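Enquirer: Sending over a structure as structure tokens; questions will come in a sec.
The values are calculated or read from the model by the stated rules, or taken from the named source; none is laboratory data. Keep in mind it's a predicted model, so treat the numbers as computed, not measured. Using ideal geometry, Cβ is built from the backbone for each residue, glycine included, and neighbour counts are taken over all protein chains shown. Surface areas here come from the heavy atoms of the whole protein model, side chains and all, with no ligands, DNA or RNA. Shrake-Rupley method; radii C 1.70, N 1.55, O 1.52, S 1.80 Å.
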Amino acid sequence: PEVKTPTVAQFPGINLGCAINQDNATFNWPTPTSGIYQEYVLYAKNLGIDPSPFRYTDAIATANLPGSSYTKTVIPSGTLSTTLSMLEPGNKYRFGMLTHATSGSTDYYSEYNVNIIECSIPMPVAKF
């Protein structure tokens, strides 16, 4: 049987906008309306390492590898928000999300969406 992952219409990715609190960023997204998936994958690209455009193909291939500007966070299905912590103050990041499923040794992702958001992590401000 063919694995049918969510289309862009069925899963548009993360909702636009960043909720920043110091070095944390919170994201949310809708439940896919159809398609097979087991989890969500949130990709972050550190623009301080590589300012080139965010590309899902690069994110999937290189996330969490040494020297990569991409990291990934795997989030269980049923979860509709997450907070990434320990982001580098003063840096900009681009974030994108896909659904993911595995069948045997094959990975399946939802269609690439255009909901790529850029967030700036502010420098800490001294409080007196």
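Enquirer: For region 11-34, how many residues are touching a strand residue (DSSP E or B) at 6+ places or on another chain (Cβ under 9 Å), crowded, with 18+ Cβ neighbours inside 10 Å and under 20 Å from Ser110 (Cα atoms)?
Expert: Looking only at that region, the number is 6.
Enquirer: Something else now. Can you spot a residue in region 73-80 that is open to solvent by 70 Å² or more (accessible area, probe 1.4 Å), at negative phi and in contact with a His (Cβ under 7 Å, 6 or more places away or on another chain)?
Expert: no
Enquirer: Another one. Quick check on Ile49: is it under 17 Å from Glu118 (Cβ atoms), over 14 Å from the mean Cα position of the chain (by Cα) and not in a loop (DSSP other than H, G, I, E, B)?
Expert: On the way: under 17 Å from Glu118 (Cβ atoms): yes; over 14 Å from the mean Cα position of the chain (by Cα): yes; not in a loop (DSSP other than H, G, I, E, B): no.
Against the criterion (under 17 Å from Glu118 (Cβ atoms), over 14 Å from the mean Cα position of the chain (by Cα) and not in a loop (DSSP other than H, G, I, E, B)), Ile49 does not qualify.
Enquirer: Related question: Restrict the check to region 76-88 and report whether at least one residue is of a type outside the set (Phe, Trp, Tyr) and closer than 15 Å to Tyr108 by Cα.
Expert: Applying the first criterion (of a type outside the set (Phe, Trp, Tyr)) to region 76-88 yields 76-88.
Next, from what is left, pick out any that are closer than 15 Å to Tyr108 by Cα: 77.
Checked region 76-88: at least one residue is of a type outside the set (Phe, Trp, Tyr) and closer than 15 Å to Tyr108 by Cα.
Table: residues versus (1) under 17 Å from Asn24 (Cα atoms); (2) surrounded by 12 or more Cβ atoms within 10 Å (Cβ to Cβ).
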| position | (1), (2) |
| --- | --- |
| Leu87 | yes, yes |
| Gly96 | yes, yes |
| His100 | no, yes |
| Ser105 | no, no |
| Ile116 | no, yes |
| Ser120 | yes, yes |
| Met123 | yes, no |
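Enquirer: Which of the residues that make up region 10-29 are touching a Cys at 6+ places or on another chain (Cβ under 6 Å) and not in a strand (DSSP E or B)?
Expert: The answer is Cys18, and nothing else.
Enquirer: Something else about it: Could you please find all residues in region 52-72 being part of a loop (DSSP other than H, G, I, E, B), open to solvent by less than 60 Å² (accessible area, probe 1.4 Å) and more than 19 Å from Ile20 (Cβ to Cβ)? Outline the logic, then answer.
Expert: Applying the first criterion (part of a loop (DSSP other than H, G, I, E, B)) to region 52-72 yields 52-55, 63-69.
Keeping just the survivors that are open to solvent by less than 60 Å² (accessible area, probe 1.4 Å) gives 52, 54, 63, 68-69.
Those that are part of a loop (DSSP other than H, G, I, E, B), open to solvent by less than 60 Å² (accessible area, probe 1.4 Å) and more than 19 Å from Ile20 (Cβ to Cβ): Ser52, Ala63, Ser68, Ser69.
Enquirer: Something else: Confirm whether Tyr112 is surrounded by fewer than 18 Cβ atoms within 10 Å (Cβ to Cβ), part of a loop (DSSP other than H, G, I, E, B) and of a type in the set (Phe, Trp, Tyr).
Expert: On the way: surrounded by fewer than 18 Cβ atoms within 10 Å (Cβ to Cβ): yes; part of a loop (DSSP other than H, G, I, E, B): yes; of a type in the set (Phe, Trp, Tyr): yes.
The answer is yes for Tyr112.
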